[in-house]
Each structure stands twice: as structure tokens, then as C-alpha cells.
Amino acid sequence: MTDDLQQYLVPQEPYYRAVDDEVSLFEAAYAAKMPVMLKGPTGCGKTRFVEYMAWKLGKPLVTVACNEDMTASDLVGRYLLDADGTRWQDGPLTFAARHGAICYLDEIVEARQDTTVVIHPLTDNRRVLPLEKKGELLRAHEDFHLVISYNPGYQSLMKDLKQSTKQRFGALDFSYPKHGVEVEIVAHEAGVDSAAADKLVSIAERARNLKGHGLDEGISTRMLIHAGSLMARGIAAPAACEMALVSPITDDPDMRDALDAAVGTYF
């Protein structure tokens, strides 16, 4: 393995608490060379899952945070000027396909649709990537695997994946874990005891019931870990919850009052 590829290896096992059969399903999809789409709300563990699977499979992981300004060249590559003239620079997708890494396109719907279509030849039986500017047809490495994620809660007619893209992937649905599992995760990751983690999860469950009734999104597991981490460092629970759970999620005074009341119930 080259030094360039070595740096993308996940150095140690990430903590991931499986909630269903997602690990075995991903392993089977990887063996079958089936691209995988992870669907679920923000902060529910999609990225951690990909990191864990890359570690478990022993494969390098190239992650791309998609955004609306990302062009096809940002993914595929471009010619750059240097002291000797021009040279080709592989983009992250090309690099992963060439060397056999897992390429993770995070929140892919944030990218323009004319950008995401470049992945199509890699996601069917061809497993090729045309580098038109370079005049090269790159055949993907045997170990290359493509993973994308997105939050269906944010989809709209203007911002959603095309059916021609969706149907190239196997899909795994993610959601917030069941109460006991989420308590275990928050306690482990934040360094708080189970009693404090249980209260934080209970607050989140009440807030998630407000989704679509004043909140665009519920309190995520990631946010609970942030709150627990502050508490583990000596911050009082109400202040930690205000900073990590209430203030980031809404500016609406009524919603803040409702969330503060939930915090007050448990702390």
C-alpha cells in the first residue's frame, strides 16, 4: 500500500454500537461490489458507521463533504499548473477508484445533480470512470467501494437524488437508536454515567416529538454526546443542555421554552 493511501486508513477501531444487522449487510454489499446509500437524520451515526466498516474491512476511507459549489472536477480531478507546466491531479473519487479505497460522499444531495451524475458509470456493472479531460477510461480497482449518505428529511423537489441515481445503490435506513442503546452510546462517548445519559436521551425523545411541529429536526445523538461531554467536564446540566441541545436547534422563543421545560423536567 502506498504512503498516499496509508494516510486514509482508519488507525484504530471507532466505537460503533450496532443496532440491527447493518454490519453484516454492508459486508455482503462490499463483497458483491454493490454501492451503498445510507439514509437517516443528521447526527444519528451514519458517518461513524462508515468509519467503523472501513476499519473492520481494513480499507482506506476517502471522505468528501458535499456542497452546492462542488463541481464534477472537484470529484474527478483537473489539470494544475506548476513549475514544469501542467500536471493532472486526481480528485478524491478518482483517487479512491484508482487505488481501491472506500469513497464516502457525505450528504450527496447538497451537490448539484450535474455533478453527481459522474458517479453513474462507477455504480453499475461497468465500474469505470471516464476522465474526459485526461482522455482516460479508468477501470475501478477491485477493492473500490462507493458509499453515499443523505438526510431524507431535507429532500424536496429541488433537492433530492434522481431515481436514476438512487436505483444504483442498496440502501440502509438509519434512525436514532432505541432508548437503552442510545443511553449506552451517550454514556460511552461522553464519559457520563448511565443515569445522566438516560436523562439526556429522555430530553431528546421529547424534542423529537416536536419535529414538524415547530422544529425542523430533532435533537441528535451527536448533540447528546456534546451535552454529556460538557457535563463530564464539570458544566452544570442545565447550562450544558442549553449550549449543546437548545440553542443550536432553534431560535424560536416558544420552542426554546418547550425545550427548556423538557430539560427542567429531568435536571
Where Leu75 falls short, out of the listed (1) modelled with pLDDT of 90 or more; (2) out of contact with any Gly (no Cβ under 9 Å at 6 or more places or on another chain); (3) assigned to a helix (DSSP H, G or I): (2)
Number of the condition not met by Tyr154 [criteria: (1) modelled with pLDDT of 95 or more; (2) surrounded by 15 or more Cβ atoms within 10 Å (Cβ to Cβ); (3) not hydrophobic (A, V, I, L, M, F, W, C)]: (1)
Flag if Thr86 is touching a residue at least 40 places away in the same chain (Cβ under 8 Å), among the hydroxyl-bearing types (Ser, Thr, Tyr) and not assigned by TED's automatic domain parsing to the domain that holds Pro248: no
Every residue from the range 15-31 that is under 29 Å from Gly191 (Cα atoms) and free of Cβ contacts under 8 Å to residues at least 60 places away in the same chain: Tyr16, Ala18, Asp20, Asp21, Val23, Ser24
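If you scan the range 32-78, which residues turn out to be among the basic types (Lys, Arg) and more than 13 Å from the chain's Cα centre (by Cα)? Don't jump to the end; show me each part of the working.
Initially, the range 32-78 is screened for residues among the basic types (Lys, Arg), giving 33, 39, 46, 48, 56, 59, 78.
Once the filter is applied, which keeps residues that are among the basic types (Lys, Arg) and more than 13 Å from the chain's Cα centre (by Cα), the range 32-78 yields Lys33, Lys56, Lys59, Arg78.
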Selection count, the range 242-256, where residues are without any contact (Cβ under 8 Å) to a residue 24 or more places away in the chain and either surrounded by 12 or more Cβ atoms within 10 Å (Cβ to Cβ) or among the aliphatic types (A, V, I, L, M) (or both): 6
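Do any helices (runs of 4 or more DSSP H) lying entirely in the range 108-223 carry at least 3 residues that are under 30 Å from Val263 (Cβ atoms), touching a helix residue (DSSP H, G or I) at 6+ places or on another chain (Cβ under 9 Å) and not aromatic (Phe, Trp, Tyr), and which ones are they?
Numbers: elements: 113-116, 163-166, 179-190, 194-208.
Of the helices (runs of 4 or more DSSP H) lying wholly inside the range 108-223, those with at least 3 residues that are under 30 Å from Val263 (Cβ atoms), touching a helix residue (DSSP H, G or I) at 6+ places or on another chain (Cβ under 9 Å) and not aromatic (Phe, Trp, Tyr) span 179-190, 194-208.
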Selection count where residues are buried (at least 19 other Cβ atoms within 10 Å of the Cβ) and either free of Cβ contacts under 8 Å to residues at least 12 places away in the same chain or in contact with a helix residue (DSSP H, G or I) (Cβ under 9 Å, 6 or more places away or on another chain) (or both), scope the range 36-60: 15
Answer residue from the range 1-29, given it is aromatic (Phe, Trp, Tyr) and surrounded by fewer than 19 Cβ atoms within 10 Å (Cβ to Cβ) and is farthest from the chain's Cα centre (by Cα) among those: Tyr15
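Counting only residues that are part of a helix (DSSP H, G or I), among the hydrophobic types (A, V, I, L, M, F, W, C) and in contact with a helix residue (DSSP H, G or I) (Cβ under 9 Å, 6 or more places away or on another chain), which one in the range 1-35 is farthest from Tyr176 (Cα to Cα)?
Of all residues in the range 1-35, those part of a helix (DSSP H, G or I) come to 3-6, 22-31.
With among the hydrophobic types (A, V, I, L, M, F, W, C) added as a condition, the list becomes 5, 23, 25-26, 28-29, 31.
From what's left, in contact with a helix residue (DSSP H, G or I) (Cβ under 9 Å, 6 or more places away or on another chain): 5, 23, 26.
On the way: Leu5: 33, Val23: 16, Phe26: 19 Å.
Looking at the filtered set, the residue picked out is Leu5.
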Count of the range 185-198 residues which are out of contact with any Ser or Thr (no Cβ under 8 Å at 6 or more places or on another chain), surrounded by fewer than 19 Cβ atoms within 10 Å (Cβ to Cβ) and touching a residue at least 24 places away in the same chain (Cβ under 8 Å): 1
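The values are calculated or read from the model by the stated rules, or taken from the named source; none is laboratory data. For clarity, every value in this text was computed on a predicted model and none was experimentally measured. All Cβ positions, glycine included, derive from the backbone under ideal geometry; neighbour counts span all protein chains shown.
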